[in-house]
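Bear in mind that the values in this text are calculations on the coordinates, not laboratory data. None of the values given here were measured: they were computed from a predicted structure. We place every Cβ from the backbone using ideal geometry, glycine too, and count neighbours over all the protein chains shown.
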Amino acid sequence: MALSLVIGFSLAYITLLFLIAWWVDKRAEQGVSVVNNPYIYALSLAVYCTAWTFFGSVGRATTGGLSFLGVYLGPTLLAPLWYMLLRKMILISKHQRITSIADFISARYGKSTLLGVLVTLIAVLGIVPYISIQLKAVTFGINTLTHFGGGPVAAPASILLDAGFWVTVAMAIFTVIFGTRKLDPNERHEGLVAAVAFESIIKLVTFTAVGLFVTFGIYNGFGDIFTQATYRPDTAKMLTFESSGVTSFSWNVLMMLSLFAIILLPRQFHISVVENTSPRHIPKAMWVFPLYLLLINIFVLPIALAGKMMFDSGIHPDTYVLSLPLAKGAAWLALAAFIGGFSAATSMVVVEATALSIMFSNHIVVPLLIKTRSIGGNDLVNGAARLLDIRRISILLMLILAYWYQKSVGNTYDLVSVGLISFTAAAQLAPAVIGGLYWKRATHQGAVSGLVVGFLIWAFCLPLPSMAQAGIISNTFVTEGLFGIAFLKPYALFGMTGLDPITHAAFWSLFLNTWAYAIISVNTQPSMLSLTQADLFVNIHKYISGQEYDILKREAKIGDLKAVLNRFLGESRSLSLFNEYQQANGFLPDNQKIAQAELISFVETNLAGAIGAASARLVIDSVAKEEQITLDEVMRILEQTREAVQHSRIMETKNEELKVLTLQLTRANEQLKQLDRLKADFITTVTHELRTPVTSIKALSRIILDDYERLDDERRTAYLQIIVNESDRISRLINQVLDIEKLRSAEQLHSVDTVDLREIMLSTVAGMQQLFAERNVTCSLPHSGDAFLVKGDRDKLIQVMVNLLSNALKFCDPVSGNIKIELHIKGHFVLLRVQDNGKGIPMHARDMIFEQFTQLHSHEQGKPQGTGLGLFITKKIVEQHGGTIRVESEPGEGATFEVKLPLFEQ
Amino acid sequence: MSDDRSSQLIILFFAFVVLLNYPVLQIFDRKELWFGIPALYFYFFFIWLTLIVVVGLVVRKKRKS
């Protein structure tokens, strides 16, 4: 295939990408965000699939069997946690205007310049091998297309004849144009994201096309290809872990490395966090992205098997995706596949180099310039343009470094082996990032120690030996150990042998990195700024809705702040920012006035978007006098917040108590109302009871007065008798009401003596003998002559006896009445039983008779005698003495009242 | 932010960590073809698809309510 055809197609494809990016950016300027879509977000995340995936997976499958899948199963495994992890990272980053992974770590540990530099160095040095394999893949892609079947490609005579060099130059130009067109305070590049998403579709479609061609064109489907593979030992061993030499630990490490890579690789952080348009896209991306990974991996194994079965060792397995269509004469499919691989490589290089250049300029160059006063002061150089230039240069430098690495080291390794070196480097950021998100106690010193330890071990165990192998540095430290110490061999550190280099390096670097991070964190004190940042990162949800408490007290002239913003963001952008602030806060003091902390934070946050948090802090520090704030003060501010929380808790409990009190009051009120009603009833009843006899006395007296002459003696006597009776009734009633009042007012007995119930009974019966005789009622008394001693008020107990006896008298059989009195001792009680032989008490009335004003009516007996208070008073007196009263009755067989009083025992 | 959904997703994560690692993989690491597909390869893609579907369902279920 002609070289011009390949280049022509590639250029046409790049032009298409530019058109897409240009159109999307134009729409964005019009206020329409094309990339604000969960599917585009998920597709742009597929920047994860690079030339490594497109070409390298197949190559990896021929040596490591199914282990290539670990690189995709790791991210898939993490997908369920995105909802917490990625979301949190996005919220923090949007809140703090974080623009790179270095910025993120630096901001978490107190906006540290040192950490920014450190993470940038790890990222740049760690990712260079990864970029180099993209260049290599495109280069051999071109070579495969143009030289297929023509034998090995001769080494180029000069660098200008090397396809790799021109690929590097083209990539650099492409990246510069795409990634550094303008300086956006939020580092958002919608056009870039759209192009990446489009490239993801091209990758998937072309790779699947090759896969279908191989599986169903060359072979008869999956069954055919796999069955044939089992016949050959070299392909059969690719089908299981055991036969391809994948151990359980190396699989675990591979999964873990790729699980970290999906969030920690600078380009993944850039696409998934910095370029994210809304956290609402995460839920959909959580299943769409793993689905993409699944689809692009289906045909890897069939292609690898087919290549292995069809070709001799002369063709490198990394090129099977192109070689298979070419060998079968499908040149156009091969060209399409090349465009797919080209997409994979360019999208990776563009995003990665852009992300790295942001880090490089914000964390290394700008702090350096600020420190040396090259920017700042009264220098009126346009900072924005200068920043872009710095980024362009850093992109060029990184690509040159990658080209050099590929030429000198990369050629001796296959794609995936080199890529995994970068994965291991990126994983070094994991403790600092994940610890920083969930562990408040983690300190700046801990993060620095962890990163330094991890980075040194990584460098010692992976890139340095590979450079030694390539002959760049001396090989002795690999074979004999550093300084000749056998324990310090890079592939068998501390004597650990039997692991492949990646697993070995990943184990030691991550283990010691995490250990250093944790131990140093626990043993150091966080700075004040670090403390507030830690709280913000760990408890970001507290800050999203609520007010940020500003702990740093800073003062700066408004004019200075304006000058700083002008320099870094350009005049128009800074003017619009100040207008925005003025609108939000209603005022903006003139230039000579001192700005409040709030405005300074606003400027710093916006500046951070352009030059990173650490640099922004340095710049602001140069114009703002910062009042040194003591730890006590910080504690006080934090304490205030805590007090507020406690206070509200106390309020809650108080509220609960109030509710209970209110309930009690309501109940008491109900009781009072009830008592009031009872009292009213009582008075009504008493007056009624009084009126009845008064009425009859009045009526009869009037008759006697008016008709004295006409009445005979008998009549007159009868009337007078009634008047006397009724008067008795009235006085009785009044006495009893007085008794009740007395009983009510004195719940306890006044005079307590030892009294003999039997003596009381006998004297009462004696006093009432006349009444018994009148009614013709006989009275049978207990035979026993013993004393029945109780503690009590003698007069009151007599009253009980009188009441019981008169009650019995009232209800006795009118013809042959009999009252039976009994006294017993039962346990610690004296039982007094008074039995009559009247009609008895109906069942329904038994509970009522002890209530006040209960009178039993009956047809035969007509109007009841008595006041209805007797038994009520009796009951009250008995209760005062600590006893009980009850009634037994069978209708027609009389009633028995039983009083139970505590026996007085000497 | 629903705690329910978060817990469900964390449980899913740990379940799939077990499913996609040794010693469970040992069971499927055998020289057999299932439906014409190598057993381990078949297992990986089956679990993979299951994870996608389950995550999709968890995420979707909550959005409705």
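Quick notes on this structure:
- Reported value for the range A:633-737: 112 Å³ per residue, from the convex hull of its C-alpha atoms.
- Sum of side-chain charges, A:GLY419 neighbourhood, beta-carbon under 14 Å (Lys, Arg +1; Asp, Glu -1): 0
- Pair A:ARG441, A:HIS147: separation of 7 Å Cα→Cβ label points (nm): 5.9
- Residues A:PHE829, A:PHE213, B:PHE35, A:PHE568, sorted so that the one with the fewest Cβ neighbours within 10 Å comes first: B:PHE35, A:PHE829, A:PHE213, A:PHE568
- Across the cross-link table entries A:LYS673/A:LYS742; A:LYS673/A:LYS876; A:LYS810/A:LYS900, which are compared at the Cα atoms, there are no separations over 27 Å.
- Listing A:SER408, A:SER527, A:SER394 from fewest to most neighbouring C-beta atoms within 10 Å gives A:SER408, A:SER527, A:SER394.
- Cα-based convex hull, the range B:3-64, per residue volume (Å³, whole number): 64
- Spin-label model, A:ALA787/A:ILE485: points 7 Å from Cα along the beta carbon direction are separated by 10.8 nm.
- Förster radius 51 Å - calculated FRET efficiency between A:GLN30 and A:LEU114 (Cβ-Cβ, nearest 0.05): 0.75
- Using the Cβ-Cβ distance between A:VAL205 and B:LEU57 with R0 set to 35 Å, the FRET efficiency works out to roughly 0.80.
- Note: the range A:1-86, Cα convex hull, 119 Å³ per residue.
- Extended-chain gain in nm, criterion 0.36 nm per residue less alpha-carbon gap, A:PHE682 and A:ILE472: 64.1 nm
- Globularity index of the range A:3-529, i.e. its alpha-carbon radius of gyration over 2.2 N^0.38 Å: 0.95
- Too-long pairs where the Cα-Cα distance tops 24 Å, listed order kept, from A:LYS136/B:LYS31; A:LYS111/A:LYS440; A:LYS136/A:LYS203; A:LYS328/A:LYS407; A:LYS440/A:LYS654; A:LYS203/A:LYS284: A:LYS136/B:LYS31; A:LYS328/A:LYS407; A:LYS440/A:LYS654
- Gain on full stretching of the segment that runs from A:TYR39 to A:GLN583 - 0.36 nm per residue minus C-alpha separation: 192.3 nm
- Residues of the range A:211-230 falling in the label zone of B:PHE45, defined by backbone nitrogen less than 13 Å from a point 7 Å along Cα to beta-carbon, are A:211-212, A:215-216, A:221-227.
- Nearest-0.05 FRET efficiency for A:ASP706 and A:THR662, computed from C-beta distance (R0 60 Å): 0.40
- Shape box of the range A:488-543 [Cα atoms, principal axes, largest first, Å]: 49, 24, 12
- Residue order, fewest to most beta carbons within 10 Å, for A:THR754, A:THR50, A:THR215: A:THR754, A:THR215, A:THR50
- In the frame of its principal axes, the protein assembly as shown has Cα extents of 164, 83, 60 Å, reported largest first.
- Helix content alone sets the calculated 222 nm mean residue ellipticity of the protein assembly as shown: runs of n ≥ 4 DSSP H residues at -39500 (n - 2.57) each, divided across all residues, give -21500 deg cm²/dmol.
- Rh by Kirkwood over Cα pairs, then Stokes-Einstein D for the range A:162-273 at 1.002 mPa s and 20 °C, µm²/s: 115
- Computed over the range A:75-128, the ratio Rg/Rh where both radii use C-alpha atoms and Rh is Kirkwood: 1.05
- Rg then Dmax, both in Å and based on the Cα atoms of the range A:748-902: 15.0, 44.
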